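J.: Here's a structure for you.
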Amino acid sequence: MHPDIATSIANLRDRIDSWRAAEETIALVPTMGALHSGHLQLVELASERCDRVVVSIFVNPTQFGPEEDFSRYPRRPEADLEALARVGVPLVFAPTADEMYPSGYATTVKVGGPSEGLESDFRPHFFEGVATVVSKLLISCFPDEAVFGEKDYQQLLVVRRLVSDLRLPTRIVAAPTAREDDGLALSSRNAYLSPEERRRAPLIYSSLQRAAEALRAGAPAASTVNDVKERLTEAGFRVDYVSLRHSETLQPLAELSEGPARLLAAAWMGGTRLIDNIAV
Ligand code: AMP
């Protein structure tokens, strides 16, 4: 059976109120749709942890820059509903843009700290759009838990920060990155890759893995990070960044000894921007 679909916040709250009245716990999984098995792993984790799972599907216009792929972002509502039916999701929240951004809206959420640098250097509006929509989703639903993927590691930390700063009553749960057999992180944007680009795309993950091993073996951070950039560039990527960061604050790390570390990368393969990261 297909999940019920709430397209307004009022409908969503009605359903949630009835679950709350029955003392059921609720998890939210925010997505932009075009669901793949990475999204479904988030749903599975949410189902293990809470009685009811709400999946939101909303291609959020405010997190795309004017030159970015908002209009061509894949939209597959029927296939998404079928996939969510198979994993037993009872409710999908699929608001219109008007519902999320009423005419004349003038309120946004801006997070400092972990949103600075990395993605923000290349997508300056991105995290304000993400923080605003995630705040609205959490306030619309007040779930006990919300599940986010480590695939978007900086986003995960930005969401944790905003939930803590706004004192929202939701626990943020992280799910590990789901990958293809060859290591490429699953992403709705992988659909943009030509067969030849798809063949080369796993090099991001294999380069990060190689660098993480070298770092653990004592290789210096700066040259190891540079090696990744060079390998990717030689293979035809255009690199936005490769960076070694503190895994909780995202502050740059000059050496591995300075704290728990994460290696993060973003690079273009043709017209497709790919991001990935791993724990070091
Ligand atoms: P998106 O629809 O791309 O905005 O992603 C919605 C949620 O799914 C975010 O929390 C992402 O981090 C998560 N996600 C996307 N791809 C993956 C993946 N390959 N593995 C784990 N989580 C993912």
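The values are calculated or read from the model by the stated rules, or taken from the named source; none is laboratory data. Computed from a prediction, not measured in an experiment: that's the story for all the values here. Please note: Cβ atoms are built from the backbone with ideal geometry, for glycine as well, and neighbour counts cover all protein chains shown. Keep in mind that these areas ignore ligands, DNA and RNA; they rest on the heavy atoms of the full protein, side chains included. Shrake-Rupley method; radii C 1.70, N 1.55, O 1.52, S 1.80 Å.
J.: Restricting to the stretch 26-70, give me the number of residues that are open to solvent by less than 60 Å² (accessible area, probe 1.4 Å), part of a loop (DSSP other than H, G, I, E, B) and hydrophobic (A, V, I, L, M, F, W, C).
T.: Step one: filter the stretch 26-70 for residues open to solvent by less than 60 Å² (accessible area, probe 1.4 Å), giving 26-36, 38-40, 42-43, 45-47, 50, 53-65, 69.
Filter once more, so that each one left must be part of a loop (DSSP other than H, G, I, E, B): 32-36, 50, 58-60, 64-65, 69.
Cutting the leftovers down to hydrophobic (A, V, I, L, M, F, W, C) gives us 32, 34-35, 50, 58-59, 64.
Of the residues in that region, 7 qualify.
J.: Same structure again: Since Glu48 meets every condition but one in (1) touching a Lys or Arg at 6+ places or on another chain (Cβ under 6 Å); (2) without any contact (Cβ under 8 Å) to a residue 24 or more places away in the chain, which condition does it not meet?
T.: (1)
J.: In the stretch 99-114, what count of residues is obtained for those that are under 20 Å from Pro66 (Cα atoms) and in a helix (DSSP H, G or I)?
T.: The qualifying residues number 1.
J.: Also, I was wondering about something else. In the stretch 240-254, how many are out of contact with any Asp or Glu (no Cβ under 8 Å at 6 or more places or on another chain), hydroxyl-bearing (Ser, Thr, Tyr) and within 15 Å of Ile275 (Cα to Cα)?
T.: 1
J.: Which condition number does Leu166 fail, the rest of (1) within 16 Å of the ligand (Cβ to nearest atom); (2) more than 27 Å from Asp4 (Cβ to Cβ); (3) surrounded by fewer than 17 Cβ atoms within 10 Å (Cβ to Cβ) being met?
T.: Answer for Leu166: the failing condition is (1).
J.: Let me ask another. Among (1) in contact (Cβ under 8 Å) with a residue 12 or more places away in the chain; (2) in a loop (DSSP other than H, G, I, E, B), where does Glu23 come up short?
T.: Against the list (1) in contact (Cβ under 8 Å) with a residue 12 or more places away in the chain; (2) in a loop (DSSP other than H, G, I, E, B), Glu23 comes up short only on (1).
J.: Would you point out the residue of the stretch 202-252, among those that are closer than 17 Å to Asp152 by Cα and of a type in the set (Gly, Ala, Ser), that is farthest from the chain's Cα centre (by Cα)?
T.: Ser243
J.: Taking the stretch 122-161, which residues are aliphatic (A, V, I, L, M), part of a helix (DSSP H, G or I) and within 14 Å of the ligand (Cβ to nearest atom)? Don't jump to the end; show me each part of the working.
T.: Going residue by residue through the stretch 122-161, those that are aliphatic (A, V, I, L, M) are 130-131, 133-134, 137-139, 146-147, 156-159.
Those left that are additionally part of a helix (DSSP H, G or I): 130-131, 133-134, 137-139, 156-159.
Across the stretch 122-161, the qualifying residues are Val130, Ala131, Val133, Val134, Leu137, Leu138, Leu156, Leu157, Val158, Val159.
J.: How many residues does the stretch 99-117 contain that are open to solvent by 60 Å² or more (accessible area, probe 1.4 Å) and of a type in the set (Phe, Trp, Tyr)?
T.: Residues flagged as open to solvent by 60 Å² or more (accessible area, probe 1.4 Å) and of a type in the set (Phe, Trp, Tyr) within the stretch 99-117 amount to 1.
J.: Could you please find all residues in the stretch 81-98 being among the β-branched types (Val, Ile, Thr), surrounded by 18 or more Cβ atoms within 10 Å (Cβ to Cβ) and part of a loop (DSSP other than H, G, I, E, B)?
T.: Step one: of the stretch 81-98, the residues among the β-branched types (Val, Ile, Thr) are 87, 89, 92, 96.
With surrounded by 18 or more Cβ atoms within 10 Å (Cβ to Cβ) added as a condition, the list becomes 89, 92.
Correct list: Val89 only.
J.: List the helices (runs of 4 or more DSSP H) that sit entirely inside the stretch 174-267 and contain at least 1 residues that are crowded, with 21+ Cβ neighbours inside 10 Å and out of contact with any Ser or Thr (no Cβ under 8 Å at 6 or more places or on another chain). Outline the logic, then answer.
T.: Values: elements: 195-200, 203-216, 221-234.
By residue number, 203-216, 221-234.
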